[in-house]
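Engineer: Dumping the structure here so I can ask a few things about it.
Please treat every number below as a calculation from the coordinates, not as lab data. Everything quoted here is computed from the prediction, not taken from an experiment. A quick note on method: Cβ atoms are made from the backbone with ideal geometry, for glycine too, and the neighbour counts reach across all protein chains shown.
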Amino acid sequence: TVSAITGERYHDTQFFLHETAAVAKGSIRQLFAGRQLVITLMLWVVFFMSLLIIYLLSSWMPTLLNHRGIDLQQASWVTAAFQVGGTLGALLLGVLMDRLNPFRVLAVSYALGAVCIVMIGLSENGLWLMALAIFGTGIGISGSQVGLNALTATLYPTQSRATGVSWSNAIGRCGAIVGSLSGGMMMALNFSFDTLFFVIAIPAAISAVMLTLLTVVVRLSISVPDDLPRASVVNE
């Protein structure tokens, strides 16, 4: 059994392998074949929104904090909390995704990330509270991005898996470009500190909603398998 081979216990876990005749090599068209169309588009939305936030905050956080009156030295170490949170978040979420439903884990993580982003805007006068909120944002957003990369690989058939992951990341890079540009645009429009972070929280909330819906879409896809070989694991 799988447990005997790996030494791990799989409680309430179902393994599926839908095999059919040999199929052609993967192509981008397979990303939009049948139910894969919905999965692909929803994944692209999450990647776009997630990397938009990451690059916006990474590029503009010290400037935003300094513009608010925090000196650059303090702004730098407070911003570092985002990267620390992302590193710890990746490790923590990886463990949780192995034990629980990975879609729900990431959906909750992005939702908490959205809350932490709002807290950054509301904690403008408390440096330690702001650092804590930025740390939480790193866990919820940057950490989730690592988990999202791993999860994406399980959502495509073997022959189109590399194509699916590559295109998802490419769309995410488009979001990164938008994020890097949007910080300057919002500052040029004289957004208030709290309003700016309220706006940044919107993409995180959208990502949480998309991943929640993906849970349903993937369950339906597994219950009515298509004609492409796929290995899936669903944790109850």
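Engineer: Can you give me the P(r) profile for the stretch 26-223? Cα pairs, bins 10 angstrom wide beginning at 0, each as a whole percent.
Structural biologist: 10, 36, 32, 15, 6, 0
Engineer: Continuing with the same structure: Expressed in nm to one decimal, what extension gain is obtained for the pair residue 177 and residue 67 from 0.36 nm per residue of sequence separation less their Cα-Cα distance?
Structural biologist: 37.4 nm
Engineer: Now for a different question. More than 19 Å apart: what percent of Cα pairs in the stretch 59-117 qualify?
Structural biologist: Taking all Cα-Cα pairs of the stretch 59-117, the fraction more than 19 Å apart is 44 percent.
Engineer: How big is the shadow of the Cα convex hull of the stretch 152-219, averaged over all directions, in nm²?
Structural biologist: 5.5
Engineer: Taking 30 Å as R0, compute the FRET efficiency from the Cβ-Cβ separation of residue 27 and residue 187 and round it to 0.05.
Structural biologist: Computed FRET efficiency for residue 27 and residue 187: 0.10.
Engineer: Continuing with the same structure: Take residue 194 and residue 129, extend 7 Å from each Cα along the Cα→Cβ direction, and tell me the distance between the two endpoints in nm.
Structural biologist: If labels sit at residue 194 and residue 129, their model points lie 1.1 nm apart.
Engineer: With a 10 Å radius around each residue's Cβ, average the other Cβ atoms per peptide and rank 134-144, 86-96, highest first.
Structural biologist: Ranking the peptides 134-144, 86-96 by packing returns 134-144, 86-96.
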